[in-house]
Amino acid sequence: MSRKIAILTSGGDAPGLNAVIRAVVRTANFYGLEVVGFKRGYRGLIDNDFISLSSNDVSGFLNKGGTFLLTSREPRFNEYQYRKIAYENLKKQNIEALFVVGGNGSFQGAFKFSKEFDIPVIGIPKTIDNDTYGTDYTIGFDTAINTAVEAIEKIKDTTMSHERIFVVEVMGRKSGFIALETGIAVGADCVLIPEYPHPLHKVVETIINAKKRGKNFFLIVLAEGVAKAQEFSKVLEKELNKYGDFGEVRYSVLGYIQRGGSPSAYDRVMASRFGVFAVKEYLNGNKNFMVSFEKGNILSKPLEVSFGKIKKPSLEEFEIANILNY
Ligand code: ADP
Ligand code: F6P
């Protein structure tokens, strides 16, 4: 009987998930392992909803957004009785290890699971927010910022033509990585992120000073974790117009377009590297670990490194955004 591993995607989706699944399946097959894919993350593990995956089955998915295994947020996995059912489902098929493509939450669940039951769990980090602690990079981030840049450049055209002030809200419920890198890439006048608070009077000051220097359009990139663009633009408009005629402040919310789409070349390559590394590292005898990208190298770290701590964008990068808006 051949050896068998399982894979699932869990939590919010991100471009590049299919490329990770493909890499894990192909590498496993290359080394003689069978692969089973559980559907809808931990939900499929509890409900024993799975499909067999071979190299041929993952053909054509490298460049596809979303996850063909589907994903979910499954509250039952927080309860021991359901994690036990999940374990029994894995054992029924003699599955020897579980590969979880997820973020902080999924890794927390995976860690508990690995402590309670005799099954190695391997985490592969994904999230467009790039906020998983313990790794410099998470699959999907590059695609998301490129999508945001493309959309904001269109908004910038109309902002310039009408000499307006525009607030664009990007994703990042708790984190500012998307806002910061997108803001630098589009040359935003202000980048507002939860990690480095920037008071309203500073935003007003920045715009007034830029106007004095002759600038006549302004672009603010706002992380959703700071405020809702609809409310923020009203407050900003009221405050600014105390200092002159700045007109209306318009806003756009980019929303879920940032989560979808064909993964960028970078995400395809990183997904492939993460997937191949995960399987090889497991076959080399490492058990409960997450794949990490650090200072340009792919390495493994204990799963528990990834949660309970906040990963912040570097202050240096935040300063870059604030120097280049001068
Ligand atoms: P992400 O992995 O993208 O951060 P979530 O935080 O939504 O996504 O977590 C995905 C799933 O992981 C949850 O729906 C749940 O099934 C599982 N999970 C999250 N936290 C825990 C936990 N503390 N214990 C057990 N399972 C958890
Ligand atoms: O994937 C991360 C993220 O996009 C956050 O930035 C956002 O707040 C959240 O997911 C929204 O996801 P959902 O609506 O699926 O809960």
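The values are calculated or read from the model by the stated rules, or taken from the named source; none is laboratory data. Here the structure is a predicted model, which is why all the values come from computation and not from measurement. Here the Cβ positions follow ideal geometry from the backbone for every residue, glycine too, while neighbour counts run over all protein chains shown. Heavy atoms of the whole protein, side chains included, go into the accessibility calculation; ligands, DNA and RNA do not. Shrake-Rupley method; radii C 1.70, N 1.55, O 1.52, S 1.80 Å.
Placing +1 on the Cβ of every Lys and Arg and -1 on the Cβ of every Asp and Glu, with nothing else charged, gives the range 144-259 a dipole about its Cα centre of roughly 160 debye. Once a ≥ b ≥ c are taken as the square roots of the eigenvalues of the Cα gyration tensor of the range 190-256, is the result rounded (a/c under 1.5), prolate (a/b larger than b/c) or oblate (a/b not larger than b/c)? In terms of gyration-tensor shape, prolate.
Only lysine pairs 8 or more places apart or on separate chains count here, and in the range 144-259 those with Cα atoms under 21 Å apart total 24.
Rolled with a 1.4 Å probe across the full set of protein chains, the surface gives Met160 an accessible area near 90 Å².
Would you please name the chymotrypsin sites (Phe, Trp or Tyr not before Pro) within the range 197-298 that are DSSP coil residues with at most 15 other C-beta atoms within 10 Å of their C-beta?
Numbers: sites: Phe217, Phe218, Phe232, Tyr243, Phe246, Tyr251, Tyr256, Tyr266, Phe274, Phe277, Tyr282, Phe289, Phe293; in loops: Phe217, Tyr243, Phe246.
For chymotrypsin sites (Phe, Trp or Tyr not before Pro) across the range 197-298 that sit outside H, G, I, E and B with at most 15 neighbouring Cβ atoms in 10 Å, the list reads Tyr243.
The apolar share of the surface of the range 208-326, taken as the fraction of accessible area on carbon and sulfur atoms (1.4 Å probe, ligands and nucleic acids excluded), comes to 54 percent. Net charge dipole, the chain: roughly 580 debye, given to the nearest 20, about the Cα centre with Cβ charges of +1 for Lys and Arg and -1 for Asp and Glu. For Phe218, the amide hydrogen comes within under 5 Å of the amide hydrogens of Arg164, Ile165, Phe166, counting only partners 5 or more places away or on other chains and with H modelled in the peptide plane.
The angle separating the long axis of helix 177-186 from the principal Cα axis of greatest extent in the chain is about 50 degrees.
Of Ala188, Ser292, Ile5, which is farthest towards the positive pole of the chain's charge dipole, taken about the Cα centre with +1 and -1 on the beta-carbons of Lys, Arg and Asp, Glu respectively? Looking along the dipole axis, the top candidate is Ile5.
The mean accessible area for residues of the chain, using a 1.4 Å probe and ignoring ligands and nucleic acids, is 44 Å² per residue. Mean-square fluctuations from a GNM of the chain, with a 10 angstrom spring cutoff on Cα atoms, peak among Ser175, Ser306, Ser314 at Ser314. Estimated purely from DSSP H runs of n ≥ 4, each contributing -39500 (n - 2.57), the mean residue ellipticity at 222 nm for the chain is -13000 deg cm²/dmol once divided by its residues. Rounded, prolate or oblate for the range 144-259? Axes are the square roots of the Cα gyration tensor eigenvalues, ordered a ≥ b ≥ c, and the cut-off for rounded is a/c under 1.5. Prolate shape, in that a/c is at least 1.5 and a/b is the bigger ratio. Candidate cross-link partners of Lys311 among the aspartates and glutamates, defined by an alpha-carbon separation under 19 Å and a same-chain spacing of 8 or more, comprise Asp129, Asp131, Asp136, Asp142, Glu181, Glu195, Glu224, Glu294, Glu319.
For the range 141-202, applying the loop criterion from DSSP together with a ceiling of 14 other beta carbons within 10 Å to the GluC sites (Glu not before Pro) yields Glu163. DSSP beta bridges confined to the chain are antiparallel in about 25 percent of cases.
Rolling a 1.4 Å probe over the protein heavy atoms leaves Arg43 with an accessible area of roughly 80 Å². For the chain, the equivalent ellipsoid derived from the Cα gyration tensor has semi-axes of 43, 18, 16 Å, listed largest first.
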